[in-house]
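First up is the structure itself, then whatever we jot down about it.
Please treat every number below as a calculation from the coordinates, not as lab data. Please read all numbers here as calculations on a predicted model, not as lab measurements. Heads up, the Cβs are rebuilt from the backbone with ideal geometry, glycines too, and the neighbour counts pull from every protein chain shown.
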Amino acid sequence: MTTWGVKPTNSNPPASGHGQTDEAAAALGFYRTAILAFGANAERDGSPHGTEIRKQLERLSKLLGARLTPDCVKETIAKVTFFLDQWGAAIAKDSRAQADETRQLLILLATTAQTVGSSDQAYATRFTALSENLEQVAAIDDLTQLRAAVVQHLTELKTVANQMAEKSQKVVTDLEAKAAAYESIAFKDQLTSLPNRRCIQQQIGANVESNSPFSVVVFDLDRFKPINDEYGHLVGDELLKLFSAELHKHTRTGDIAARWGGDEFISILTCGEDGARSYVQRIKKSVFGKYTIHPSGREVEVLVQASFGIAQWAPPEDIDAVIARADANMYANKRQFHLAST
């Protein structure tokens, strides 16, 4: 029978001599070195299993040096085989666990991609394809290939998500611009550019709800209809624009001057009745008076005056009630104006 690694001799081995002893010692040294090398390599995998295998193999190597018998060598071979099998099984288990975790991540990413993609039709096709690819990658058994595929598809997912985010931001910006335009239309008088009735009602409602003190001043231009009748509506419109600009100019920041409708204006002031009366006197001095208009190349000069009514909000008064009181005071003032002018 031929023994691998040993030169064949006759079938009757010598009874004694250093030849066989030296070969056995060399083989044993090689075997111990191999055991220690296996242990060192096992520890390089970075897991607790590798360190434990190295310690076990070191013990076996020392055992071979202490007592060299056929039974000891046989027992050592069996233990080395057992320990290496354990190490291999542990590595395979860890790799499977990592692969399983990666698969679960992939499936989660696939589901997320499909859900997000469905919210934007333009990206739905790309997300659907990416989801299908991720689900296919999850079936890969080789951990190295699995990791490479994960990196590739995560990069693609990030690219698509960034593109979608940029588009979403543009959509938000466009919506904000449209909302601002709609708000301008909804809350601004188109002729004079002053806040309109809806805006004033909203502001008064907010003041009432927050229990913030305020006063209302209503202005009604006197003898505006004769101006329209004599010079035409274009002159009347131009006069309303000029009056509105001056009214806004002389209304302090924090207060609101608005067009209530027709030739009627309203101001919401963050003050009491005394402050409102001071405001009216300032408007009489700076806003009432002569206005020069140039319709169709000709010059028209008109005198603008207005009747006014003041009402300080008295809780628990609502919007309609406080405006009604200001209106009533304005009409009382108008009657006095007409009596004085006749």
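The string of couplings for segment 196-208 from the Karplus curve (6.51, -1.76, 1.60, θ = phi - 60°) is 9, 4, 4, 4, 5, 4, 5, 5, 4, x, 5, 5, 5 Hz, one whole number per residue in order, with x for Gly and Pro. Amide H contacts for residue 260 (H built 1.01 Å from N in the peptide plane; partners 5 or more residues away or on another chain; cut-off under 5 Å): 265, 266. One chain, two ends: residue 178 and residue 79. Fully extended at 0.36 nm per residue, the span grows by 27.8 nm beyond their Cα-Cα distance.
Between residue 285 and residue 233, the contour length at 0.36 nm per residue exceeds the alpha carbon distance by 16.1 nm. Going by neighbour counts of Cβ atoms within 10 Å, the residues 319, 185 line up, fewest first, as 185, 319.
Do you know the relative contact order of segment 296-342, to the nearest whole percent, from alpha carbon pairs under 8 angstrom that are 6+ apart? Display every interim value, and only then the final one.
Values: 30 pairs, mean separation 19.3, N = 47.
Once divided by the residue count of segment 296-342, the mean separation gives 41 percent.
The magnitude of the dipole of segment 224-342, with charges of +1 and -1 set on the Cβ of Lys/Arg and Asp/Glu and taken from the Cα centre, is near 400 debye. As a length-normalised measure over Cα pairs under 8 Å and 6 or more apart, the relative contact order of segment 197-341 settles at 32 percent.
Anything over 32 Å Cα to Cα? Flag those among 178/334; 188/334; 241/334; 225/285; 178/225, in the order listed.
Numbers: 178/334 42 Å; 188/334 27 Å; 241/334 22 Å; 225/285 23 Å; 178/225 37 Å.
Beyond 32 Å: 178/334; 178/225.
Extension gain, residue 298-residue 167: 0.36 nm per intervening residue step, less the Cα-Cα distance, totals 41.8 nm. Hydrodynamic analysis of segment 173-325 uses the Kirkwood radius over alpha carbon pairs. Inserted into Stokes-Einstein at 37 °C and 0.692 mPa s, it gives a translational diffusion coefficient of 199 µm²/s.
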